[in-house]
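All of the numbers you see were taken from the coordinates with simple rules; none came from a lab. Please read these numbers as outputs of a predicted model, since none were measured by experiment. Note that each Cβ is placed from the backbone with ideal geometry, even for glycine, and that neighbours are counted across all protein chains shown.
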């Protein structure tokens, strides 16, 4: 397998999202992958993009390290809970502060925006406390997924190979949780083949040098 970055968007390090991340990481390591872990809630940074794009805020050391991991990765696994139909605020603040012009995308006047993460693949795993997949899709049109997949990751060049919805967690018993972890193990194993199939279809940008200043 290739270089994998697992990103946990849940602010609580003791959440079930962390258990999911740990299971994926262990499985990927057993398969011979290089794996790094990024827990957004543990980073020390200001999540408020105070000046918008008018004035660049200095990137904190934790954000610089996170961006280095993102550019290092070949495959990204984004794990987060669905809160108010979207991602937790700390995760949104991470994107606001770190996914900036010249770092994860580049705008052009005469042609479409260029995603600086082209060639990378991604998987999104979301958990829901009291919402079913049917309600999420039919009533709310997968709004949070659209934001993360279309509005952020694919906009920046990441090819999403799969989205996994886990819920409603409030109805799960201990056996259900164990079944989920078995499914996460299977997901990590299946990523090995899915990533390989995407390598030739979506080659990386070889000449891009991200501006992390």
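Treating r as the C-beta distance of residue 193 and residue 89 and R0 as 25 Å, the FRET efficiency rounds to 0.10.
Where does helix 16-30 land angle-wise versus the long Cα axis of the chain, in degrees 0 to 90, nearest 10? So the helix axis and the longest Cα principal axis differ by about 80 degrees. Using C-alpha pairs below 8 Å separated by at least 6 residues, the relative contact order for the stretch 3-199 is 24 percent. For the residues 188, 33, 98, a GNM of the chain with alpha-carbon springs under 10 Å puts the largest fluctuation on 33.
Where only DSSP H runs of four or more residues are counted, the chain gives -10500 deg cm²/dmol as its mean residue ellipticity at 222 nm, each run worth -39500 (n - 2.57). The angle between the Cα long axis of helix 174-199 and the longest principal axis of the Cα atoms of the chain comes to about 40 degrees, rounded to the nearest 10. Using all pairs of distinct alpha-carbon atoms, the Kirkwood hydrodynamic radius of the chain works out to 17.8 angstrom. Counting only DSSP beta bridges with both residues in the stretch 13-157, the antiparallel share comes to about 25 percent. Treating each Cα of the stretch 1-109 as one equal point scatterer and applying the Debye formula with no solvent, the log10 of I(q)/I(0) at q = 0.10, 0.13, 0.15, 0.24 Å⁻¹ comes out as -0.31, -0.52, -0.68, -1.38. Against the chain, whose longest principal axis comes from its Cα atoms, helix 89-98 is set at around 30 degrees.
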